[in-house]
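Below you'll find the structure, written out as structure tokens, and then a few comments.
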Amino acid sequence: MGIINRILLFFFSLGAMALSLVVLAACIGVLPESVWLNELHYALTRPETIAGAAVAFLIAFQLFCCSFRRTRPVERESGEYLVLQNEAGAVRVALDAVRSLVEQTASNLPGIRLARAKAYRVHSGSGKEAVDNLKLVLNLSIGRGLNVNEVSAAAAKEIREEIREVMGLSDVVLDLRVTSLSDAALPSKRRVV
């Protein structure tokens, strides 16, 4: 549930509690019948009552519709991803390190001119069913004249193997996108002197 719906729920709940207290006071006789009946007749003739009832109906309808919506998984592009949790402690890997690993692995493959990666920690579910998954989005620039399917399949295979070897993860979501086909020469490797 989003922040706006939470605010609406807060005010709607306050209004429902106040209304239930007034009805309770009228039922047990704290408010004399002549007083609340006179106030009720007056309120029913006011245009503000119609506007308030319309707003309350719209808020109730919005919250009713929210109860049937699915919650989306939360994707975070910064932070860390938990790789291992045991009695000795937790092993966490920064998402920037994962991104760098994927970019280096893809850049070393033949036919790939440029690789830009994004790593996301996707949190879905709640309570004990909550899980974190790793999602990788890789934008590739491939050399012209090469088979896009073969190059992207080789890149996906190599990246999955590297993630499995380095981090021990086998169920990584990988989204490969070929963003351009280029005739540019491969970037030259710098020599350390």
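The values are calculated or read from the model by the stated rules, or taken from the named source; none is laboratory data. Predicted model, so just to flag it, every value in this text is computed and none were measured. Side chains are part of the model used for accessible areas, which takes the heavy atoms of the whole protein and leaves out ligands, DNA and RNA. Shrake-Rupley method; radii C 1.70, N 1.55, O 1.52, S 1.80 Å.
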Q) Just how much of Arg160 is accessible, in Å², when a 1.4 Å probe is used and the result is rounded to the nearest 10? A) 90 Å²
Q) Ordering Cys66, Cys27 from largest to smallest accessible area (1.4 angstrom probe), what's the sequence? A) Cys27, Cys66
